[in-house]
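Here is the structure we will look at, set down as structure tokens.
The values are calculated or read from the model by the stated rules, or taken from the named source; none is laboratory data. All of these numbers come straight from a predicted model, not from anything done at the bench. A quick note on method: Cβ atoms are made from the backbone with ideal geometry, for glycine too, and the neighbour counts reach across all protein chains shown. SASA here: full protein model, heavy atoms, side chains in, ligands and nucleic acids out. Shrake-Rupley method; radii C 1.70, N 1.55, O 1.52, S 1.80 Å.
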Amino acid sequence: MTIFDETVDFVVVGSGAASFGSALTMQAQGKSVVILEKSELVGGTTARSGGVMWIPDNGFLKRDGIPDSFEQASTYLNALCEPITDAPASTAERRQRFLQQAPRMLDFLMQQGIELERASYWPDYYDELPGAVQAGRSVMAKPFDIKQLGIWKERLRPGFLPLPAKLEEALILYNVKRSWKSRKALLNIAGRWLWAKLSGKQYVSAGAALQGRVLQALVTAGVDIRPSSPVQELIIENGRLMGVQTLNHGQPWRIATRLGVMVGAGGFAHNQAMRDQYQPGAQCRWSSASPEDTGEMLQEMMRLGAAVAQMDETVGNQCVIPPDSQAGEIQQPAQSITAKPHAILVDQSGVRYMNEGGSYMAYCKAMYARHRTVPAVPSWAVFDSQYMRKYMLAGTMPGKKKPQTWYDSGFLKQADSLHELAKLMAVDAEALEATVKRFNGFVDNNHDADFQRGERAYDRWLGDFLQQPNETLGRIEQGPFYAVAVYPGDVSTFGGVLTDDYARVLREDGSVIEGLYAAGVSSASMMGRVYPGAGASIGPAYTWGYVAALHAAGVSLDPD
């Protein structure tokens, strides 16, 4: 019989969305909770992300008079997920549980003082399907003054937007020289920045704002958060999880649990051996997940007999890799390149092969699928001088002036003609010229006959709201011409242990490992192999963490 050093009601492993949500929920039930985070920083990959949550039938939609319901969202998810038969985590029961509990989880967060708001327009990614909401179901945190965290300010993992900018505002700043809408967004940001300076505040946005706000609620509620405390072992006796072994000041420390353990410790984005096993060809170098996302807790749960599913999936995030970028950094996204007018994506033969708009998960899956028959990893984003004048590239503002190292290293290729550009790309010049000519014809007809780019509202949202008649279609015709390599990156893996509709971890035979819960990307996604809208990882992560805590605490999850 194991001798434990302390006993608590609930142990939470990791500090991302699922973990923070689960810990806050359990603490609200009057139970003792400890969060064990192996890193010195808390917030997980969520803090580095956009921090968007996809929450169907949420109260903001009702407030704003936008139709949505459990039935409508169910129609949409079923249309996406049911045709896919090799995604065992995407069951009707789990989808139903998510749709029931996600709005309740959102209400719970706001009851704890978490200030959230709806994205005013962020279309579902498959808005042509029945049940989709064109305005979108995405929710995010308001900008947050991290000085409110006190000593925990230095413990919050930094995000990518350390400004008092709403994410929607930041996404249109590229048009600041051409649009009053963008200028107004810049003025709003500048006004908040000036107020912050005068009042001694330090604002962050996106994922850091979401995790910062929840961290503040956790600290206020008295949750015991322990950075630099990796879990080394899950301790099982008589078929039930009894506790964990962690480190306390570098020494082994065993914590018993009365109600269970919830694992929300991320996936295996930075474990190349696991990548090679489950995702051949994928590279850790392309991932924007936190460097600590190395899969130990997945391996530990598998040691206990946990079933895994969908381990070949990622939350794709196509990216470009400038010469000064480092492994483990947030990579520069490429969706903002190839979905804009005057740009396309081609494989290494110079041929276009996908709709460059749409879901980033579908985009990266298409790259890997193409690569099985034609070299396409990396592929090439090809664009002209019109693009360079109007749009951002790899984090730089519009304009032809770019770092000289980009040209010297070959990261950014430039040529006066498509023929010369093809030589620099080592692709067939005639094929590239024919591809661009065909695309330009589609632009002239306002119809992409090959891949229907621009027919979805989401495609057009990714484009340029000033470009008419189609926000995402623009001719590639003005030299010099440019190209950058695009990789099938990700923000996390999307497979993991198999769980039921209470977030309990299952064995291969379908039985429950009593006392063990998992959520976030430590579990296989109930979305299966699709990504229905912005925040379809973080929204479910918070929801399943909430579900796990309520179930462990003995609270009924049945509908009213």
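Filter the range 336-350 down to residues that are out of contact with any Leu (no Cβ under 7 Å at 6 or more places or on another chain) and in a loop (DSSP other than H, G, I, E, B) and give me whichever is surrounded by the fewest Cβ atoms within 10 Å (Cβ to Cβ). The qualifying residue surrounded by the fewest Cβ atoms within 10 Å (Cβ to Cβ) is 349. Screening the range 227-239 for residues that are touching a residue at least 60 places away in the same chain (Cβ under 8 Å) and out of contact with any Ser or Thr (no Cβ under 8 Å at 6 or more places or on another chain) and picking the one that is surrounded by the fewest Cβ atoms within 10 Å (Cβ to Cβ) gives 239. If you go through the range 195-219, how many residues are polar (S, T, N, Q) and farther than 20 Å from residue 49 by Cα? Going through the range 195-219 one residue at a time, the tally reaches 1. Being within 25 Å of residue 169 (Cβ to Cβ), free of Cβ contacts under 8 Å to residues at least 60 places away in the same chain and touching a Pro at 6+ places or on another chain (Cβ under 8 Å) is a property that holds for residue 389. Number of residues in the range 351-368 that are more than 20 Å from the chain's Cα centre (by Cα) and open to solvent by 40 Å² or more (accessible area, probe 1.4 Å) equals 1. Number of residues in the range 485-541 that are open to solvent by less than 10 Å² (accessible area, probe 1.4 Å) and of a type in the set (Val, Ile, Thr): the value is 6.
Only one of the listed residues (375, 333, 398) is open to solvent by 20 Å² or more (accessible area, probe 1.4 Å), under 27 Å from the mean Cα position of the chain (by Cα) and over 19 Å from residue 487 (Cα atoms). That residue is 398.
The strands (runs of 3 or more DSSP E) falling completely within the range 455-560 that include 1 or more residues that are out of contact with any Pro (no Cβ under 6 Å at 6 or more places or on another chain), without any contact (Cβ under 8 Å) to a residue 60 or more places away in the chain and of a type outside the set (Val, Ile, Thr) map to 504-506.
From the list 222, 267, the one residue that fits, being surrounded by fewer than 22 Cβ atoms within 10 Å (Cβ to Cβ) and either out of contact with any strand residue (DSSP E or B) (no Cβ under 6 Å at 6 or more places or on another chain) or closer than 19 Å to residue 15 by Cα (or both), is 222.
Among the helices (runs of 4 or more DSSP H) confined to the range 1-113, the ones with at least 3 residues that are within 19 Å of residue 156 (Cβ to Cβ), within 19 Å of the chain's Cα centre (by Cα) and touching a residue at least 24 places away in the same chain (Cβ under 8 Å) are located at 17-28, 44-48.
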